[in-house]
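Chemist: The structure that follows is given in the form of structure tokens.
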Amino acid sequence: MDFIITDRVDDNVKFTYEPTSIGWTDVEIEINGQQKFYSVSYLSEPLIDLTDGLIQLIPELIPPDEVKKEISFEWHLEPSGIAWNMKNLDGEKLGIKIIYYEDIYHRDIGTLK
């Protein structure tokens, strides 16, 4: 497992999304100085997952009964993958955990990098 965990996101966030071939997209994520690169497969919708997740956490963007305190989703890298968990901590701060698994379907397999 490789991971990004932060209990607070500051202004230093970078997200780069670049389709590279049919069915594959390169994604660069940098949060609070922690930088990761992933090649995400067509089994995932990285931009939709990320934007829908963020929207669900922001009370000003959706009806009050649809606001979530915490959301999660996965990106498939075949056979590996990453699991995202994002939390609205207090309306001002966002907590993010991104965990890389060598096999997204067998999460007990893997090593900490």
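Where a number appears in this text, it was derived from the coordinates with a stated rule and is not lab data. Keep in mind it's a predicted model, so treat the numbers as computed, not measured. Backbone-built Cβ (ideal geometry, glycine too); neighbour counts: all protein chains shown.
Chemist: Below 20 Å, Cα to Cα, which lysines can LYS68 reach? Residues fewer than 8 away in the same chain don't count.
Modeler: Straight-distance partners of LYS68: LYS87, LYS93, LYS97.
Chemist: For segment 42-86, just say rounded, prolate or oblate: build the C-alpha gyration tensor, square-root its eigenvalues into a ≥ b ≥ c, call rounded for a/c under 1.5, and beyond that prolate if a/b exceeds b/c, oblate if not.
Modeler: Values: a/c = 4.06, a/b = 2.44, b/c = 1.66.
Since a/c reaches 1.5 and a/b is larger than b/c, the shape of segment 42-86 is classed as prolate.
Chemist: List the GluC sites (Glu not before Pro) within segment 40-72 that DSSP assigns to loop and that have no more than 11 neighbouring Cβ atoms inside 10 Å.
Modeler: Working: sites: GLU60, GLU66, GLU70; in loops: GLU60.
Of the GluC sites (Glu not before Pro), the ones in loops of segment 40-72 whose Cβ has at most 11 other Cβ atoms within 10 Å are GLU60.
Chemist: Please work out the ratio of the alpha-carbon Rg of segment 31-113 to 2.2 N^0.38 Å and round it to two decimals. Walk me through the numbers on the way to the answer.
Modeler: Working: Rg = 14.1 Å, N = 83, 2.2 N^0.38 = 11.8 Å.
Normalised by 2.2 N^0.38 Å, the Cα Rg of segment 31-113 equals 1.19.
Chemist: Here is a further query. On full extension of the chain, what length is gained from GLU28 through THR51, given 0.36 nm per residue of separation minus the C-alpha to C-alpha distance? All intermediate terms of the calculation are to be shown ahead of the outcome.
Modeler: Working: separation 23, 0.36 × 23 = 8.28 nm, distance 1.54 nm.
Length gained, GLU28 through THR51: 6.7 nm.
Chemist: Quick one: length gained pulling TYR17 to GLN35 fully straight, 0.36 nm per residue minus the C-alpha distance? The partial results should precede the final answer.
Modeler: Details: separation 18, 0.36 × 18 = 6.48 nm, distance 1.39 nm.
Here the answer is 5.1 nm.
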